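The values are calculated or read from the model by the stated rules, or taken from the named source; none is laboratory data. Predicted, not measured: the structure shown is a model, and the values here were computed from it. Glycine also receives a Cβ, built like all others from the backbone with ideal geometry; neighbour counts cover every protein chain displayed.
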């Protein structure tokens, strides 16, 4: 590998590491500038007991089922039926011990998700005839360490641990499906199982079914139908009906606050600012149209070029912000979903910058890094007008699209690569 390539990799990784450090430092800067005292950091309002989402969303519904009750009619469960099936092993432990087990599962699943995301990216963006000297030890592993630092010290991750929330379950399943799509393209049924499990834990990953349809076409219809019906009926037809009615009803009652980065919450916050000042209001639909429009444009852009592994990774990256912004309730513990697309995008951008020296890639790395730093910081640490993460996630989606449509994002000319090696 040439010296300029190695220097560019080191410089780009240093930029990303700086972004991760800034997020960590700001979250843990404990100087109260009003009374000039050192205080224990406060990042979010902690619930009592700790792990309330795990207890109410996984453990207790499974406990009701084990005791012969109905998680929907007797408990008011709002998650898909398969989530109860998945939670049954926790019944081998008492509730508090099960929560501690959940904490370690969340740590491990975040790490595994990042590693699989980078493996999928490395496979998808691999160059014919070799990797031009950019091997696993030079880029993939150092980048993995940096992004793991960003995730495991970020406000969103700490929030997910405190609540015991299981959104990362869905992302690990989805990234596993993507990795299989890239590494084992003929394993259709297993790919469908991975994406379907994600969608039947939390509904929003269903958007990723477009990847399966794009890759396999009509061949995927039978597996998608069979697997999804089986998961929906995992607690019987009656409970499937209860879940669908609960799902429809939940759309109209989102929990709107600064730590909910959904389009509905941000639109409410914006209008709450404009209205009292006599500045009118903005239709909340505008805040839905923006991320959906970017995603639709990306789909058209990619689909017109035909399926490729690189295209699948790009579509995954551009879909994750939708998974954060479109559901009416997206509390900030869902920020852990962004670890995988951040790792994927930075792998591609650093690799491109290293082999070409193209300044626009460095600018894109800086943009992703700056947004990652802000997204790692609690709303408590930001000015109140910047506390909601919606605009930063939307900006990240825009940067992903910018990186995609920049010349050579799907395939790079061999001549340029040969000159960089």
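In a loop (DSSP other than H, G, I, E, B), under 26 Å from residue 150 (Cα atoms), over 23 Å from the mean Cα position of the chain (by Cα) and modelled with pLDDT under 75: does that describe residue 29?
yes
Do the conditions hold for residue 242, that is, is it in a helix (DSSP H, G or I), surrounded by 14 or more Cβ atoms within 10 Å (Cβ to Cβ) and out of contact with any helix residue (DSSP H, G or I) (no Cβ under 8 Å at 6 or more places or on another chain)?
yes
Here's the yes/no breakdown for (1) within 28 Å of residue 320 (Cβ to Cβ); (2) touching a helix residue (DSSP H, G or I) at 6+ places or on another chain (Cβ under 9 Å); (3) modelled with pLDDT of 90 or more:
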| position | (1), (2), (3) |
| --- | --- |
| 75 | no, yes, no |
| 80 | yes, yes, yes |
| 83 | yes, yes, yes |
| 88 | no, yes, yes |
| 99 | yes, yes, yes |
| 102 | yes, yes, yes |
| 107 | yes, yes, yes |
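Only residues in the range 342-371 that are at positive phi and surrounded by fewer than 24 Cβ atoms within 10 Å (Cβ to Cβ) count as the first member; pair them with residues that are assigned to a helix (DSSP H, G or I) and at pLDDT below 90, Cβ under 9 angstrom, at least 6 apart or cross-chain, and list the lot.
357/4; 357/5; 357/8; 357/420
For the range 259-278, name all the residues that are part of a helix (DSSP H, G or I) and either more than 22 Å from residue 322 (Cα to Cα) or touching a residue at least 60 places away in the same chain (Cβ under 8 Å) (or both).
263, 264, 265, 266, 269, 272, 273, 274, 275, 276, 277
Against the definition (modelled with pLDDT under 90 and within 22 Å of residue 152 (Cα to Cα)), how does residue 41 come out, yes or no?
For residue 41, the condition - modelled with pLDDT under 90 and within 22 Å of residue 152 (Cα to Cα) - is met.
Pairs only if they're at least six apart or on different chains, beta carbon under 6 angstrom, first in the range 173-193 and in contact (Cβ under 8 Å) with a residue 12 or more places away in the chain, second not in a helix (DSSP H, G or I); list them, first residue then second.
Pairs that qualify, where the first residue is in contact (Cβ under 8 Å) with a residue 12 or more places away in the chain and the partner is not in a helix (DSSP H, G or I), are 180/187.
Please go through the range 297-315 and give me each residue that is under 20 Å from residue 126 (Cα atoms) and in a helix (DSSP H, G or I), ordered by number.
The answer is 302, 309, 310, 311, 312, 313, 314, 315.
Test residue 228 against the criterion of being surrounded by 14 or more Cβ atoms within 10 Å (Cβ to Cβ), at pLDDT 85 or above, in contact with a strand residue (DSSP E or B) (Cβ under 8 Å, 6 or more places away or on another chain) and within 24 Å of residue 321 (Cα to Cα), and give yes or no.
Considered against the rule, which asks whether it is surrounded by 14 or more Cβ atoms within 10 Å (Cβ to Cβ), at pLDDT 85 or above, in contact with a strand residue (DSSP E or B) (Cβ under 8 Å, 6 or more places away or on another chain) and within 24 Å of residue 321 (Cα to Cα), residue 228 comes out as no.
Is at least one residue of the range 155-165 more than 14 Å from the chain's Cα centre (by Cα) and either surrounded by fewer than 17 Cβ atoms within 10 Å (Cβ to Cβ) or free of Cβ contacts under 8 Å to residues at least 60 places away in the same chain (or both)?
For the range 155-165, residues more than 14 Å from the chain's Cα centre (by Cα) and either surrounded by fewer than 17 Cβ atoms within 10 Å (Cβ to Cβ) or free of Cβ contacts under 8 Å to residues at least 60 places away in the same chain (or both): present.
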